[in-house]
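Engineer: Before I ask anything, here is the structure I am working with.
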Amino acid sequence: MSQSPISPSYAPVPPFAPQPAKSPLPLWSLGIGIAALVFSWVPVLGLLLGLVAIVVSAIALAKVVRKTKSAIALVLGFVALIINIIVLAALGSAVSSAEATVPPATVATADPTIAPTVDPTTEPPTVAPTTKAAPPVVKRTTKPVSAEQQNAVRSAQSYLEFTAFSRKGLIQQLSSDAGDGYSLKAATAAVDSLHINYKEQAAKAAKNYLSISGFSRKGLIEQLESDAGDGYTHSQAVYGVNEAGL
């Protein structure tokens, strides 16, 4: 009796699973991120590359399983973006400071409203007295002025810019040992060479007194005209008190 042939038994072979194709997005995002970092110091270009790196790496993180390269690219994109923003801000600040310093020089040389230089040998024009005290102007004379008198004039002008003085008070300030120590002759000549409206000086002094303390009309007049006070004349003191509102 013949036996039928026996077919060999083999273990079943599992079906072949195809491997998914690798996406180029991680590599692209990493390359763009590196380029963004390299060109991050270049205005605008580094900014654009940083934005592209962030967008591409974000897409890669959403679609690819292996996320290492995409994550690195995302970080590089953000770093490049921040560096480029700092560079743009620094350039903008430098341009603004340069524009702020240039225009004044241009205006100073081109503005037709700037007063021309006046010849110091010419007689200054006579200015009508106003209610506001004008800056002291040195009166030109035909007689030569000594160096001491010139310095006394400068000192007197400095005092008048600081506070109010009567003629007597300004001469005392310039000539006294507790003041500047000029000779009485030089101090007097310096004060008399200036166009000073002593009524306006008295008004300024009266307002200064009222700003720091209370005074009656009589008391303020006495303060302004007394030798121990400011040394104005009576008419100057009365004018000053009237202008101060008493």
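Quick note: the coordinates plus some simple rules give every number you see, no bench work behind them. Everything numeric here is computed off the predicted structure, so don't read it as measured data. Glycine gets a Cβ as well: all are built from the backbone with ideal geometry, and neighbour counts include every protein chain shown.
Engineer: For HIS234, HIS195, what ranking results if the residue with the fewest other Cβ atoms within 10 Å of its Cβ goes first? Walk me through the intermediate numbers first.
Structural biologist: On the way: HIS234 11, HIS195 14.
Lowest count first: HIS234, HIS195.
Engineer: To continue, here is another question. How far apart, in nm, are the 7 Å Cα→Cβ label points at VAL95 and VAL38?
Structural biologist: 2.7
Engineer: Relative contact order, percent, of the stretch 25-99 when contacts are C-alpha pairs under 8 Å separated by at least 6 residues?
Structural biologist: Values: 130 pairs, mean separation 29.8, N = 75.
Relative contact order of the stretch 25-99: 40 percent.
Engineer: Another one. Note down the nm distance, to one decimal, between modelled labels 7 Å out along Cα→Cβ at ASN242 and at SER158.
Structural biologist: According to this spin-label approximation, the distance is 3.6 nm.
Engineer: When a footprinting reagent is the concern and you count Cβ atoms within 10 Å, what order do VAL79, VAL191 take, fewest first? List each step's numbers first, then the result.
Structural biologist: Working: VAL79 16, VAL191 25.
In order of increasing Cβ crowding within 10 Å: VAL79, VAL191.
Engineer: Provide the per-residue ³J(HN,Hα) series for the stretch 33-50, in order, calculated from phi with Karplus coefficients 6.51, -1.76, 1.60 and θ = phi - 60°, each as a whole number of Hz, with x at glycine and proline positions.
Structural biologist: Coupling constants for the stretch 33-50: x, 5, 5, 4, 5, 5, 9, 5, 7, 8, x, 6, 4, x, 5, 5, 5, x Hz.
Engineer: Test of understanding: ordering TRP41, TRP28 by Cβ neighbours within 10 Å, fewest first, what list do you get?
Structural biologist: Details: TRP41 13, TRP28 19.
In order of increasing Cβ crowding within 10 Å: TRP41, TRP28.
Engineer: Distance in nm between label sites at ALA58 and SER216, each 7 Å beyond Cα in the beta-carbon direction?
Structural biologist: Here the modelled spin labels are 8.4 nm apart.
Engineer: Can you give the extra length, in nm with one decimal, that the chain gains between ILE82 and HIS195 once fully stretched, where that is 0.36 nm per residue apart less the Cα-Cα distance?
Structural biologist: On the way: separation 113, 0.36 × 113 = 40.68 nm, distance 6.45 nm.
So the chain would gain 34.2 nm between ILE82 and HIS195.
Engineer: What does the charge add up to near GLN173, with Lys and Arg as +1, Asp and Glu as -1, over the other residues with Cβ less than 15 Å from its Cβ?
Structural biologist: Working: positive: ARG154, ARG167, LYS168; negative: GLU161, ASP177, ASP180, ASP192, ASP227, ASP230.
Around GLN173, the surrounding residues sum to -3.
Engineer: Report, by chain and number, residues whose modeled amide H sits under 5 Å from the one on HIS195, excluding near sequence neighbours (fewer than 5 apart, same chain).
Structural biologist: Here VAL137, LYS139 satisfy the definition.
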